1. If we keep just the residues of segment 389-403 that are farther than 18 Å from LEU423 by Cβ and aliphatic (A, V, I, L, M), which is nearest to the ligand (Cβ to nearest atom)?
2. Of these, PHE359, PHE383, PHE402, which one is at pLDDT 95 or above, over 18 Å from CYS58 (Cβ atoms) and open to solvent by less than 10 Å² (accessible area, probe 1.4 Å)?
3. Only residues that are in contact with an Asp or Glu (Cβ under 7 Å, 6 or more places away or on another chain) and under 26 Å from GLN397 (Cβ atoms): list them for segment 185-209, please.
4. Could you tell me which numbered condition GLU108 fails, if it satisfies all but one of (1) in contact with a helix residue (DSSP H, G or I) (Cβ under 7 Å, 6 or more places away or on another chain); (2) surrounded by 16 or more Cβ atoms within 10 Å (Cβ to Cβ)?
5. Do the conditions hold for LYS222, that is, is it open to solvent by 10 Å² or more (accessible area, probe 1.4 Å), more than 16 Å from the ligand (Cβ to nearest atom), free of Cβ contacts under 8 Å to residues at least 24 places away in the same chain and not acidic (Asp, Glu)?
6. Taking the condition of being touching a Phe, Trp or Tyr at 6+ places or on another chain (Cβ under 6 Å) and either among the charged types (D, E, K, R) or buried (at least 23 other Cβ atoms within 10 Å of the Cβ) (or both), how many residues in segment 112-151 meet it?
7. Every residue in segment 80-99 that is in contact (Cβ under 8 Å) with a residue 40 or more places away in the chain, open to solvent by 100 Å² or more (accessible area, probe 1.4 Å) and either in contact with a Phe, Trp or Tyr (Cβ under 7 Å, 6 or more places away or on another chain) or not in a helix (DSSP H, G or I) (or both), please.
8. So how many residues does segment 152-190 have that are crowded, with 18+ Cβ neighbours inside 10 Å, farther than 19 Å from THR373 by Cβ and among the β-branched types (Val, Ile, Thr)?
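The values are calculated or read from the model by the stated rules, or taken from the named source; none is laboratory data. Treat the numbers as computed from the prediction; the structure is a model and nothing was measured. Note that each Cβ is placed from the backbone with ideal geometry, even for glycine, and that neighbours are counted across all protein chains shown. Calculation scope for accessible area: heavy atoms of the full protein, side chains included, ligands and nucleic acids excluded. Shrake-Rupley method; radii C 1.70, N 1.55, O 1.52, S 1.80 Å.
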Amino acid sequence: MGEKSSLMFERAKKYIPGGVNSPVRAFGSVGGTPPFIKKAHGAYITDVDGGEYLDYVCSWGPMILGHAPQAVIEAVNRVANDGTSFGAPTELEVELAGKVVEVVPSIELVRMVSSGTEATMSAIRLARGYTKRDRIIKFSGCYHGHVDSLLVQAGSGVMTFGIPGIPGIPAELAKLTVSLPYNNLEKVSEVLEKEGDSIAAVILEPVAANMGVVLPRADFLKGLRELTARHGVVLIFDEVISGFRVALGGAQEYYGVTPDLTCMGKIIGGGLPVGAYGGKKEIMECISPVGPVYQAGTLSGNPLAMAAGLATINALQASGLYDDLDKKGAYLEKGLQEAAAKSGVTATINRIGSIMTVFFTGTPVTDYESAKTSDTGKYAKYFHNMLDNGVNLAPSQFEACFVSVAHSYDDLDRTIRVAEKALAGL
Ligand code: HOZ
């Protein structure tokens, strides 16, 4: 890594645990030290040493329009001139809420919060308050932020670092979470048949993207919808990554399955700190001040974030955008598949639209167990070979790679050429 980044990392470690504000960024599973980022425009990020990288992290997804899109930056600047936070109602939040209700099929009422974690935490509380039941079902390898109840067999950093149980989460609370294999409807059915009347919610990423990208099997989402409806269980889609990404209306629009509640994250604020949860009016009206389930936040509906979100959604409504993104995703997938074949590297690529993961395994990846068959040592080498040649991927096998509107076909071709070398060097 460049000298300034290395020095900055040493300095960061003096003041910040591990030198980072979120664990995966520390490069623990791939080795080495992270570049410190100074700026980003379009498909490129630049570090403090002047190194430029074609970026497929895209702030872990939200930069679907590329970095610093003009319309979003202008909107944020315009609004910032009139104040950055009021802790009071604004027109902007009503406008963004209206847009979310318009485009996300399941959402009749929506509450803005400041992160995806806050959204899932609040949705779980709401589901428990609404059903008057305590237990929840999640799926191994799905990650829903660092909510106590949801860190059981979680993906993302917890999977990356192979952390078995997390100190600080009371065993009594963890016991209320049942973790089942992703894509296994039978297991869900078994638990609901036996114990359905104690289960408040089933929560999942309808497209899992925190154990790498794992797609739902044909009948999985539909089956969950039927089972949860039959047992009076709230079905929660965590669309922090898939929302506004696989389609404007998220995975629920793409697969035609409508959950009871939906959690959204960073993308609805154009990459600013935003989250939201919404869903059926009857359930959402249990939230304070209409109902007794309490949830609040001074920064909720923050004007800068609302302005960025509105500008982003307006841009996403441009016709043909999702088709273009899908074509780019397919182009990159094909190129990477050919590159792997040429270099004799065994890989499985999972993709939907503009998100994908190259798993270093010959096994089809359909759940947490199969994702774990990946050769993470190979991924680490591949990651560094790519980074050394100016392509920035997630510093973990168990994350996704994101293509944005700003990635050109020239960028994709360059990525494929770099990948050919990187794979050949494994
Ligand atoms: N857990 C996040 C990705 N799924 C990483 C967050 C970050 O480091 O910014």
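1. Looking at the filtered set, the residue picked out is ALA400.
2. Numbers: PHE383 fails: over 18 Å from CYS58 (Cβ atoms); PHE402 fails: over 18 Å from CYS58 (Cβ atoms).
Just a single option satisfies the conditions, and that option is PHE359.
3. ILE203, LEU204, GLU205, PRO206
4. Failed condition: (2).
5. Details: open to solvent by 10 Å² or more (accessible area, probe 1.4 Å): yes; more than 16 Å from the ligand (Cβ to nearest atom): yes; free of Cβ contacts under 8 Å to residues at least 24 places away in the same chain: no; not acidic (Asp, Glu): yes.
Answer is no for this residue.
6. Filtering segment 112-151 for residues touching a Phe, Trp or Tyr at 6+ places or on another chain (Cβ under 6 Å) gives 119, 122-123, 139-141.
Narrowing further to those that are either among the charged types (D, E, K, R) or buried (at least 23 other Cβ atoms within 10 Å of the Cβ) (or both): 119, 122-123, 139, 141.
Qualifying residue count, segment 112-151: 5.
7. Those that are in contact (Cβ under 8 Å) with a residue 40 or more places away in the chain, open to solvent by 100 Å² or more (accessible area, probe 1.4 Å) and either in contact with a Phe, Trp or Tyr (Cβ under 7 Å, 6 or more places away or on another chain) or not in a helix (DSSP H, G or I) (or both): ASP82, PHE86, PRO89.
8. So the count comes out to 4.
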